[in-house]
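Scroll down for the structure; my scribbles are underneath it.
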Amino acid sequence: MKKVQDYYFEKAKQEKYPARSVFKLEEAQNRFKLLKKGDVVLDLGCSPGSWSIYAAKQVGLTGRVVGVDLQTTKKYAFAGAAPMELLKADIFSEEIFTQLAALQFDVVLSDMAPSTTGHKFSDHLKSLELSRRALAIAAAVLAMGGNFYCKAFQGEDFPHFVDEVRQLFKTVKVVKPKSSRVESREVFVLARHFK
Ligand SMILES: C[S@@+](CC[C@H](N)C(=O)[O-])C[C@H]1O[C@@H](n2cnc3c(N)ncnc32)[C@H](O)[C@@H]1O
């Protein structure tokens, strides 16, 4: 297993991404084409920046990427990529909610993860709080027909979260990318066509 993890770590380094997590988005993009040229993308939990960079390359110069994280995210510039605006904020703050709700997005991504305690149930609940906040933000900012791709940790309350997502989108799928560690309970909810 270690070999597979090292493979993604090395691949990220070679492709100049600051984190291996980029492949969890790349795989979804290759399979489901959730990002299109010209899309305006919101990336929640964007630090250290791999998903924002990847999204900026996919949507191109006519698109735009806004990222939010508790931590400062270093900006990188790539030829042909969309402009990126990377904000430092807690997504639970009302200020950031209001700021984002004034904009409209085609895609909302969330790779947010809480700092884990090792206690499965409380980590699961903390992660779902982040996923639910991401869903509330998506509901406030997405254009009709927009897409949502959100990390969540499986556990008792996870099916309820998926039901909540189903109420807002036409199609919903739970995916486990190959680059996601098998021993991790993380999965991604891919929701398309915001109603
Ligand atoms: C796995 S990392 C994201 C990696 C990123 N997708 C990339 O590819 O570079 C999870 C991020 O979620 C952020 N996060 C956790 N809670 C948050 C919150 N309340 N508000 C904003 N960001 C949060 C963390 O600071 C962390 O940087």
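Values quoted throughout were computed directly from the atomic coordinates according to the rules given, and no laboratory measurement underlies them. None of these values were measured; they are calculated from a predicted model. Virtual Cβ from ideal backbone geometry, glycine too; neighbours counted across all protein chains shown.
Miscellaneous remarks
- In region 2-194, the DSSP beta bridges split such that about 40 percent are antiparallel, to the nearest 5.
- For 133, 181, the sequence from fewest to most other C-beta atoms within 10 Å is 181, 133.
- Among residues other than residue 24 with Cβ under 13 Å from its Cβ, the summed charge is +2 (Lys and Arg +1, Asp and Glu -1).
- Here 123, 163 are placed in order of increasing Cβ neighbour count within 10 Å, fewest first, which gives 163, 123.
- Cα gyration tensor category, rounded, prolate or oblate, for the chain with a/c compared to 1.5: rounded
- Sequence of 172, 165 once ranked by neighbouring C-beta atoms within 10 Å, starting from the fewest: 172, 165
- Within the shell defined by Cβ-Cβ distances under 12 Å, the residues around residue 169 carry a net charge of +3, with Lys and Arg each +1 and Asp and Glu each -1.
- Here the dipole of region 90-195 is about 520 debye; that uses its Cα centre as origin and unit charges on the Cβ of Lys and Arg (positive) and Asp and Glu (negative).
- The charge dipole of region 37-100, taken about the Cα centre with unit charges on the Cβ atoms of Lys, Arg (+1) and Asp, Glu (-1), comes to about 380 debye, rounded to the nearest 20.
- Near residue 39, once Lys and Arg are set to +1 and Asp and Glu to -1 for all other residues with Cβ below 14 Å from its Cβ, the sum equals +4.
- Dipole magnitude (debye, nearest 20) for region 2-194, charges at Cβ of Lys, Arg, Asp, Glu: 800 debye
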